[in-house]
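Heads up: the structure comes next, in structure tokens.
The values are calculated or read from the model by the stated rules, or taken from the named source; none is laboratory data. Treat the numbers as computed from the prediction; the structure is a model and nothing was measured. Cβ coordinates were reconstructed from backbone atoms using ideal geometry, including for glycine residues, and neighbour counts include every protein chain displayed.
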Amino acid sequence: MNAQPSARWRTPSAVLLLAAGTALAWVMSNRAAGHAEQTLRQQSVLERMWRADAVLSASVLDLRHGHALHFDEVVTAQRDFSSATDVLRSSLETGVWERDADAIEKLVAAAANKGISLERFKSAAAILRNSQRYFPLVASKVAGLLARARADARSAEALQSVVIASLDSSSMRRRGEGTRPVDAALTELRAAVREFRAELLTSDELLELERQSRLVTRRRLDADQAMAGVTQTRLDDLLQDLRCELIERSATAAASAKRHRGVLIFVVFGLLLALVSAWLRLKRSHTEISEANEQLESRIQARTAELEKASRAKSEFLANMSDEIRTPMNAILGYADVLRDGEASADEVDHAVESIHRNCKFLLAIINDILDLSKIEAGRMNVERLEVDPTDVVRNVFKMMEQNAAQRGLDFQLIWPAKMPAKVYTDPTRWTQVLMNLVSNALKFTESGSVILRVDFDAGEAGALAVIVRDTGIGIEESRIPTLFDAFTQADASTTRRFGGTGLGLAVSARIVELLGGEIRVRSELGVGSEFEVRVATGLTAPLEAAGLRAPKDGAAPAPGSESSSHALRQHSGHVLLVEDGRDNQILISRALRKRGLQVSIAENGQEACDALLGGGDSCGDACGGPFDLVLMDMQMPTMDGYTAASRVRNAGLRTPIVAITAHALEGDRQRCIDAGCDDYITKPVDWRVLNRMLDRYLSASPAKAAIS
Amino acid sequence: MSRIIELGIVVGGLLTLAVYLDPASIDPPKAQRHDRDSRVSERVERGPIPPLSPPVGLDPERVALGERLFHEPGLSRDGKISCASCHDIASGGDDGRRRSIGVGGAEGEINAPTVLNAALGFRQFWDGRVETLEEQVDGPIGHKSEMGSDWPSVVAWLQSQDSYRKSFENSYDDGVTPDNVRNAIANYERSLITVDSPFDRFLRGERSLSSSAMRGYQRFIELGCISCHQGRAIGGNLFQRFGLFGDYFEDRGDVTEADLGRFAVTQKEIDRYVFKVPSLRNIARTAPYLHDGSLESLSEVVRTMAHYQLGVRLPDRDVDDLVAFLESLTGELPRERLPHK
């Protein structure tokens, strides 16, 4: 039960799980792609900055060394640089650089410093350019002065040194030297001039030269310092570090995106597989359902057909039954008319009586079968488990049918096994009923040959007892065998007319055997004969030795039907109270009782019976002549029924045996009678043999003359 | 026959493939072509003063919208002052006053610079406190003695004007916003490039200058004016201290905050009296001169600048020649960008 739901949920769960996985992988892949994209964008910003920085540095160098005549290019580079810085600064605010915020802040600050240096450089460069252009004019004036004064070579050389030191724009060579070379050159010039002609030291030209020399040098230093601020701010290192970092990061992000995409593809593939499998499963279960539907439909059709067949069989049965019941009734009523006419001869009377008797018995058999079947079908037939001598049961059946077989001229044999158990636990009545049925069937359908009743005892675990009835009769068609034990069927409807019978015997027998915990089997060949085998468990759980195995012997036990076969009736003496409301039955039963030497009083109902038995009361009529030795009491009566009467009698303390007569053939009646206080019971119609047994049991025998029933 | 066609198809396919794989095969390197014009333009671009050319790549709708805004008094607090009040496009891009008159007759603190060619300036305002024309717009709009307004008022007023709202919606996705107003005005200002001045035409070899202007240009270079006033705008691309060879402010007296220059922006002593070098383009039309508008004539300016920035006293002839040169710097707006009336 547990595996069923989990199997049912496995595919949807897998699909859901994989869908979730797909979504996750998709999100992860997108995130990684987003990282990669962002990193690329950051890289592009840095690239832009890097390029603007490079152009700016190049423009500044151009300008400083006179390769550019105007500042427009520097300004353009400056604009690019400054807008790149702006982009960087604003991206810093949007949080794109969360990891590198410090580095970027440093970068932005460095860029700002660079901007300031650049402005200084531009101003200084413009002034320096003017000074450098103006300085040669001043120097040439001094040179003219010196020439006019016929100065010596030392002075001329010193002037030359001053000019060179002032105009040499190679800042690299003299980095860190400041104004020292110029100062030295000026000192030398001053010394030379003083030696040559001291009054020249105060000339305007020389003073201007000194002033301009210092000025141009200072301006050059200013410009170079500012230029260094532009070209040598450590923007490069910061940018490079960041760019390396970003390249690494974008590679990582790209790899991660690729990996996630791989996972995505894998999971999507899995999802597809799961969906396909779910679809297949769905399709299969759909097929299964339709197959089951078809099966169900065919079963319904089959069942409908069965029901139709059963219904047809029932109708057929009813038709049969009505015929079967009417036929004996017809005979009974017809012969009864013959007897009433009183014109019949003695032979005819005998024949009529015999016919009526036979037909009545037949009618009773039919009614019994129907009742049995209805009991079985209503689930109300119970079987008893009594300690029974199986040898007795079988022998009794054999004996009861022996005469019948002889009349038909058939060879009827009983074959015993080597050993038989002394007792088994079963229901002797039902056993007898089944065997009787099988044997009478065998006799009925066998016109010549033999009927063999063979007993087998298998001393196996359950101690199965088998009785096999084999005949050389007409046999059964093979196709009929499967329905042989069904109710309301006879092998052939036509056989009913040919052989008579209710067609219920086998059905009843099979049900009973089933109730007894056994089985009934049939083997048959058309025109050769049939063999019915009844096998029941005997319920012998004790070792068989303990059950007293012995060789069965004829006459080992007195046969219950010995009186009937011997036709000997014992005479009794005593007073019997017959409680019966039916006039015909009063006459019939009281006649039979009187025939056995009994005095009979009759009570019409329970009330009268009580009065008669217990005294006091006027309603006892001719029954008020107690005491009685036996009470035969009908159970269904007006005024007061037999159960009430019996319990009242018992309550009054009277112990007179009471035998109930009941038409209630159903199981449980017996118990109800016993419960009411009856000692025993016989069923209607009254079987005289049973009645005789009762008389034997409850009345003392008297030396009697034999009488023929 | 069919064989030939087949062969043709195969060969054609292969050729197509080859061409596809090697684009150079159909695009041989262009021969170096030198004509006179390009030689001239290469030379003048390398020179200290390249000529101006008309602006390109501007969105005409935005320029038109900016032009309307530029002349729109509704942007000011009292609805009487527009950008054009102080920057008259038809008369040199400024107002000819020493100090401008703003809302309620308030007088400004500094001489209004011309808007012509302002787009060429590396920064805006005399002290260069902003870098872009867009940023510059905030200054006059919000200045209490200029237009005296604020952005919420400006936007609300523009929203209330159907024609402006529609124009903004046509030109900008998000309609009227401060950024879009700035952008439209800046776009208009970028269109205000004066071209074809006599000097530019001289540079392009299209005409000659008068001998006086020619001498003036020569002196301009020799004296070192060109050290600062260079580039397309002849200035406007660097800061410089005013008063390198003398203290102008002490000589003039009455120093105001407007005289502090960059110092007002950076608060650094080194930036005191440092100003953006102004463009000399159209200088003949933008009197009065200097940041304080204290000089009325070009000759005065030339003398003053020579004295304080170069430390020289110029003979009259040089001054005349330099003025002649400066007068050759007056250009005109491109014909299709006629000034708004």
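Structure notes:
- Pick from segment A:226-236, criterion within 16 Å of residue A:59 (Cα to Cα) and part of a helix (DSSP H, G or I), ranking: modelled with the lowest pLDDT: A:231
- Test: residue in segment B:204-217 that is in a helix (DSSP H, G or I) and in contact with a His (Cβ under 9 Å, 6 or more places away or on another chain): no
- Residue match in segment A:61-73 (condition: part of a helix (DSSP H, G or I), over 26 Å from residue B:44 (Cβ atoms) and at the interface with chain B (Cβ under 9 Å from one of its Cβ atoms)): no
- Of the residues making up segment A:111-121, at least one is closer than 27 Å to residue A:241 by Cβ and away from chain B (no Cβ under 14 Å).
- Within the option set B:72, B:131, B:135, being more than 30 Å from residue B:202 (Cα to Cα), within 14 Å of chain A (Cβ to nearest Cβ) and surrounded by 17 or more Cβ atoms within 10 Å (Cβ to Cβ) holds for one residue only, B:131.
- Residues that are farther than 19 Å from residue B:221 by Cα, of a type in the set (Phe, Trp, Tyr) and out of contact with any strand residue (DSSP E or B) (no Cβ under 8 Å at 6 or more places or on another chain), drawn from segment B:276-321: none
- There is at least one residue in segment A:363-370 that is small (Gly, Ala, Ser), touching a helix residue (DSSP H, G or I) at 6+ places or on another chain (Cβ under 9 Å), modelled with pLDDT under 80 and within 17 Å of residue A:505 (Cα to Cα).
Here is a yes/no grid of residues against (1) under 24 Å from residue B:263 (Cα atoms); (2) away from chain B (no Cβ under 14 Å); (3) in contact (Cβ under 8 Å) with a residue 60 or more places away in the chain; (4) in a helix (DSSP H, G or I):
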position	(1), (2), (3), (4)
A:79	yes, no, no, yes
A:88	no, yes, no, yes
A:91	no, yes, no, yes
A:97	no, yes, no, no
A:103	no, yes, yes, yes
A:128	yes, no, yes, yes
A:138	no, no, yes, yes
A:150	no, yes, no, no
A:156	no, yes, no, yes
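- Selection count, segment B:272-304, where residues are touching a residue at least 24 places away in the same chain (Cβ under 8 Å) and part of a helix (DSSP H, G or I): 7
- Among the residues making up segment A:451-497, those that are in a loop (DSSP other than H, G, I, E, B), modelled with pLDDT under 80 and in contact with a helix residue (DSSP H, G or I) (Cβ under 8 Å, 6 or more places away or on another chain) are A:459, A:463, A:484, A:485, A:486, A:487, A:488, A:489, A:490, A:491, A:492.
- Of all positions in segment A:298-317, at least one carries a residue that is in contact with a Gly (Cβ under 8 Å, 6 or more places away or on another chain) and in contact (Cβ under 8 Å) with a residue 12 or more places away in the chain.
- From the options B:92, B:148, B:128, B:104, residue that is within 30 Å of residue B:328 (Cβ to Cβ) and in contact with a Ser or Thr (Cβ under 9 Å, 6 or more places away or on another chain): B:92
- Selection within segment B:92-125: residues that are over 21 Å from the mean Cα position of the chain (by Cα) and part of a loop (DSSP other than H, G, I, E, B). The member of this set that is surrounded by the most Cβ atoms within 10 Å (Cβ to Cβ) is B:102.
- Residue selected from segment B:219-275 under the condition among the hydroxyl-bearing types (Ser, Thr, Tyr), surrounded by fewer than 22 Cβ atoms within 10 Å (Cβ to Cβ) and within 14 Å of chain A (Cβ to nearest Cβ), by the criterion farthest from residue B:293 (Cα to Cα): B:266
- Residues satisfying the stated conditions in segment B:218-241, i.e. assigned to a strand (DSSP E or B) and either without any contact (Cβ under 8 Å) to a residue 40 or more places away in the chain or charged (D, E, K, R) (or both): B:241
- Residue A:118 surrounded by fewer than 21 Cβ atoms within 10 Å (Cβ to Cβ), on the phi < 0 side of the Ramachandran plot and touching a residue at least 40 places away in the same chain (Cβ under 8 Å): no
- Residue B:325, sole failed condition from (1) part of a helix (DSSP H, G or I); (2) in contact with an Asp or Glu (Cβ under 8 Å, 6 or more places away or on another chain): (2)
- Test: residue in segment A:285-304 that is small (Gly, Ala, Ser) and within 18 Å of residue A:15 (Cβ to Cβ): yes
- Enumerated strands (runs of 3 or more DSSP E) restricted to segment A:353-447, each holding at least 3 residues that are within 51 Å of the chain's Cα centre (by Cα) and touching a residue at least 12 places away in the same chain (Cβ under 8 Å): A:386-388, A:424-426
- Failed criterion for residue B:299 (all others in (1) under 20 Å from the mean Cα position of the chain (by Cα); (2) of a type outside the set (Asp, Glu); (3) under 28 Å from residue A:212 (Cα atoms) hold): (1)
- Residue in segment B:138-156 that is more than 14 Å from every other protein chain (Cβ to nearest Cβ), buried (at least 19 other Cβ atoms within 10 Å of the Cβ), polar (S, T, N, Q) and without any contact (Cβ under 8 Å) to a residue 24 or more places away in the chain present: no
- Failed item in (1) away from every other protein chain (no Cβ under 14 Å); (2) in contact with a helix residue (DSSP H, G or I) (Cβ under 6 Å, 6 or more places away or on another chain); (3) crowded, with 22+ Cβ neighbours inside 10 Å, with residue B:209 passing the rest: (3)
- Test: residue in segment A:163-175 that is surrounded by 15 or more Cβ atoms within 10 Å (Cβ to Cβ), within 14 Å of another protein chain (Cβ to nearest Cβ) and closer than 30 Å to residue B:122 by Cβ: no
- Criterion applied to B:190, B:215, B:204 was being surrounded by fewer than 22 Cβ atoms within 10 Å (Cβ to Cβ) and in contact with a Phe, Trp or Tyr (Cβ under 9 Å, 6 or more places away or on another chain), and the one residue passing it is B:215.
- Screening residue B:201 against (1) in a helix (DSSP H, G or I); (2) in contact with a helix residue (DSSP H, G or I) (Cβ under 8 Å, 6 or more places away or on another chain); (3) of a type outside the set (Phe, Trp, Tyr) leaves a single unmet condition, (2).
- Condition check for residue A:382: touching an Asp or Glu at 6+ places or on another chain (Cβ under 9 Å) and either surrounded by 15 or more Cβ atoms within 10 Å (Cβ to Cβ) or within 25 Å of residue A:535 (Cβ to Cβ) (or both): yes
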